Every structure is written in structure tokens, then in C-alpha cells.
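Colleague: First the structure, then my questions, so here it is.
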Amino acid sequence: MEQFDQWTIQVLVVIIVLIFATGAMSVIWYLWQQRRINDPMRGDASQHNTVIDMEMHEEQGALVARQANQPRRRIPHLPMLLKHSRPSRKLRIPLKLPGGALARIVLGATLVTLVVILGGARLWPTFEAWRTNNEFVVLVAPFDDSGGGQTGVAVANELADLLNEQNNGAMVVRQTEQRPADSAEAIRLAEQHAADVLIWGTVQAGETLNRPALLPRLTYLPQGHYGPYAWEGYSTRFAMPRTFDLAPYPLNGQVIVPPVLEALARYHVGDADVAYTLLGDLLASYPLEPALPRALRGNILWARGLYTEAAEEYELALVQPLNERGRLANNLWVILQDGSDPAASQMLQQTLALVEDGNMAALHYNMGMVALEDGRTAEAITELERARAMLPDNAPRVPLLVTLAQAHREAGKSGSGGGSASAGRTAPQLRV
């Protein structure tokens, strides 16, 4: 069953309260209007004239006018004065409105309420996507227990409860009833829920989260405001694999999974120093697969300008077999290029061999950059156009478009698209 977070529940409650408050205010306003209509003091004074008989009396040598049959003026007892001074007329508000006005009010309020509810239901996914744009969203799926599924669901519930319990505001934890069968289905599920990380995998039947029985897999699809996008030269040049095996054999999910997600959350918001330390501690304490933690540490070192150390981390990351090792090879090629390492050209050939279908926007962008540097503007434009066609929807497009515009300008200067202009690239650096 899909889980609503606490913030979502609060928003729904506020919306419901506002709807009822609007209806209550409408009723109060109507009653107030009816009171004004029925208040005799606000009507025509000529309709309420009263004839008073007056008599003349002589008191202390002077004539005094007094109402007929009225006793001499004296100070009455205060409670009696208050009692007799109360208005004798009671306000009566008719329940029946002229011309079916009450029916029109009820019908209008009902239609407005239905429009608000239906419109809110239709716009809610868009609002949720906007709200979670700055949040690190973790989606937990049932694990495959090779049986009836009860163990997989129970362990997923345990993990979600544990993450919510230990959460310090760094992430939003959600659950789904769908169990992905493979990496492609996991990617579609993560995209459907706008999740930055999807946790899935296998667990031994009859086991629990705090036992060494879990083989988790992470589908990693950073969304929204991704910290590394602020690093100059990162977006469109780097490409991370989307699915990782976290460990080579079953582990204690209660001990290992929360700190891994904490490190990813810190990395996501751009807190590179804390993420680098957490990932190093995990590698030193547990036998994790190297691809994910080593690649992230390599990215941080590259952003600091430490190209040799970053390349070493990526060489360790490439030891792990992955379906998308070509993405890691592309990143290592970028690092070697920025560090003016002579091994960069050889790394490009390895990258091309690993990316068999060539369907990687970052690779074509980097090849277009190299072609633009060498003055092969026609080839650069071709590669950059391919990169633009393959660029994911959530990836920044400005750097690619700027480079493509630069290539077209250089082609215009040369007159044929094959001149000798050079882009003069400098290695990007960002101290983090």
C-alpha cells in the first residue's frame, strides 16, 4: 500500500478544513444578511410610529408634560429597571428563502466543493513532483524471497520503518507494492515515483532485516536539484550507472543500508565533505561492492582538482562488473583528459568498446568537445546534436546548448565547417 508522508497528510487536512470553513462562513454571512433585513431598527421609521397621550401637570409652580396614566418619576430598583428595559420583540429569521435562493446556495457550494476536490486530485501529482524537487526521495520495494512473498514484504516494511525512525530530515521515505523483476523495470518504477533511489533485491525466506540475509540493489536516478550539477563541468560530461549491487553476498540490512543512504543523501545535496567521509568509512568497515562508493568518491576528488586520486578511485570502481560499465569508463576518460594524462586516448577506446550501442549522451558530448578543440567543427556539431537527442529529460541542457552554439559560430567563421578553430578548453575545478 502506498504510504503518504506526514507533510502530505497535513496538507490534505488543511484543504478539507478550508473547504468546511468556507461553507461555514457562507452560512454565517447569509444569516447576518437576514438579520439586517429583519431588524426593525434598520427599516423605515414611518412604519413604526407610536401615538403617545400626553397630560400637563403643575409641579413646583411649573407646567410639566407627562405621559397619560404614568406615575410620578422615581428611581426604580436596578434589577427591575434592567428587566423592564429588555426588548420585548424577538428576532425571527425565516428558513424559507424567496425564489429558491437556498437551493441555489446549496447547489453552488456543492459544485464548488466538487471542482476543488477533482481539480486538486488532478493537480496533486504535479504538486508532489514540485514539492519533492529539492528532497532526496527513497523508494522501498518488496524484496524477492523466492517464495510466497511474505518475507520480502515484511523485510521491506522493517527497512522503511527503520529509515523513518533514523531519518533526520535528510530524506523522504516511501514504499511501493510493486516488486521489480529486473533493472529495466526498476528504472521505470523509480521514474514513475520520482524517486532518487529505489531499494530492491532479494532476501532469504523466513529471515529478518537484522540478519545477514539481504542482497540489496540500488537503482540510482538523481532527480531535481542535484548537488553535483553545481560543479563546473560535471553536468552533460559525467554519466553514472543506474543500477548497483550493494554487496557481493548477503548482509545485515539493518546495519549497512541506512548509512549508505545517508551518504547518498549528503552527496545529493552537495555536502561533499561529509559524503566523502561516510563513503570511506563504509568501504573500510564493510565488504561492499566498489562501483558506487568508489565512483562517488572519484567525482568528489575530481571536483577538487585531484585528478590522479580521482582516477585511482575510478579504476577500483571499474573492477566490479556492471551492465553500464561504459558510463564509469566515460567518467574516467573525462578525468584523465582534465588531468592531461597521456592514457586518456587509450581510455576513450576502452569506453567506445564498452558502450556498444553508443547510446550515451555524455559520451557524444565529450567527443564533440574533443572534436571542437581539434578544429573539426563539422564532426563536433554532429556529435553534439547526437548528445542533445539522447540527453535525459532531467539533465541540464544549458552547457550542451552553449557548446553547440559555439561550434556553429566556429563553423561560420571557417566558412565550411572544417576550419582550424580551437575551443581552448581548460580543466574545470570546484573546491568542495
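The values are calculated or read from the model by the stated rules, or taken from the named source; none is laboratory data. As the structure is a computational prediction, the values presented were derived from the model and not from experiment. Neighbour counts are summed over all protein chains in view; Cβ atoms, including those assigned to glycine, are modelled from backbone coordinates with ideal geometry.
Colleague: I need a count of the residues in the stretch 136-157 that are surrounded by fewer than 22 Cβ atoms within 10 Å (Cβ to Cβ) and assigned to a helix (DSSP H, G or I).
Modeller: Selection size over the stretch 136-157: 5.
To keep it simple, each residue is scored yes or no on (1) closer than 22 Å to VAL173 by Cα; (2) assigned to a loop (DSSP other than H, G, I, E, B); (3) in the same structural domain as VAL203 (by TED's automatic domain parsing).
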position: SER235; (1), (2), (3): no, yes, no
position: ALA239; (1), (2), (3): no, yes, no
position: ARG266; (1), (2), (3): yes, no, yes
position: VAL274; (1), (2), (3): yes, no, yes
position: PRO287; (1), (2), (3): no, yes, no
position: TRP302; (1), (2), (3): no, no, no
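Colleague: Moving on. For ALA411, which of the numbered conditions (1) at pLDDT below 85; (2) under 22 Å from THR351 (Cβ atoms); (3) crowded, with 19+ Cβ neighbours inside 10 Å fails to hold?
Modeller: Just one mismatch for ALA411, condition (2).
Colleague: A follow-up question, please. Considering the stretch 176-207 alone, what residues qualify as being touching a residue at least 12 places away in the same chain (Cβ under 8 Å), of a type in the set (S, T, N, Q) and assigned to a helix (DSSP H, G or I)?
Modeller: Once the filter is applied, which keeps residues that are touching a residue at least 12 places away in the same chain (Cβ under 8 Å), of a type in the set (S, T, N, Q) and assigned to a helix (DSSP H, G or I), the stretch 176-207 yields only SER183.
Colleague: Give the residues of the stretch 305-333 that are within 19 Å of LEU264 (Cβ to Cβ) and of a type outside the set (S, T, N, Q), sorted by residue number.
Modeller: Hits for the stretch 305-333 are ALA310, GLU313, TYR314, LEU316, ALA317, LEU322, GLU324, ARG327, LEU328.
Colleague: Ok, one more. Quick check on my filter: what residues within the stretch 241-264 are part of a loop (DSSP other than H, G, I, E, B), of a type in the set (S, T, N, Q) and in contact with a helix residue (DSSP H, G or I) (Cβ under 8 Å, 6 or more places away or on another chain)?
Modeller: Residues satisfying the conditions do not exist here.
Colleague: Could you say whether any residue in the stretch 218-231 is assigned by TED's automatic domain parsing to the domain that holds VAL172, of a type in the set (A, V, I, L, M), out of contact with any strand residue (DSSP E or B) (no Cβ under 6 Å at 6 or more places or on another chain) and crowded, with 17+ Cβ neighbours inside 10 Å?
Modeller: Within the stretch 218-231, one or more residues are assigned by TED's automatic domain parsing to the domain that holds VAL172, of a type in the set (A, V, I, L, M), out of contact with any strand residue (DSSP E or B) (no Cβ under 6 Å at 6 or more places or on another chain) and crowded, with 17+ Cβ neighbours inside 10 Å.
Colleague: Continuing with the same structure: Kindly indicate the residue of the stretch 308-329 that is assigned to a loop (DSSP other than H, G, I, E, B) and among the polar types (S, T, N, Q) and also surrounded by the most Cβ atoms within 10 Å (Cβ to Cβ) among those meeting that condition.
Modeller: Top of the filtered list is GLN320.
Colleague: If you don't mind, another one. Is it the case, given these coordinates, that ALA205 is surrounded by fewer than 22 Cβ atoms within 10 Å (Cβ to Cβ), more than 23 Å from the chain's Cα centre (by Cα) and at pLDDT below 95?
Modeller: yes
Colleague: Counting only residues that are of a type in the set (Ser, Thr, Tyr), modelled with pLDDT of 90 or more and not in a loop (DSSP other than H, G, I, E, B), which one in the stretch 208-229 is nearest to TYR267 (Cα to Cα)?
Modeller: If we take residues in the stretch 208-229 being of a type in the set (Ser, Thr, Tyr), modelled with pLDDT of 90 or more and not in a loop (DSSP other than H, G, I, E, B), then TYR220 is nearest to TYR267 (Cα to Cα).
Colleague: Let me ask you something else. Just a yes or no: is a residue in the stretch 379-395 modelled with pLDDT under 90, of a type in the set (Ser, Thr, Tyr) and either surrounded by fewer than 19 Cβ atoms within 10 Å (Cβ to Cβ) or more than 37 Å from the chain's Cα centre (by Cα) (or both)?
Modeller: Looking through the stretch 379-395, none of the residues is modelled with pLDDT under 90, of a type in the set (Ser, Thr, Tyr) and either surrounded by fewer than 19 Cβ atoms within 10 Å (Cβ to Cβ) or more than 37 Å from the chain's Cα centre (by Cα) (or both).
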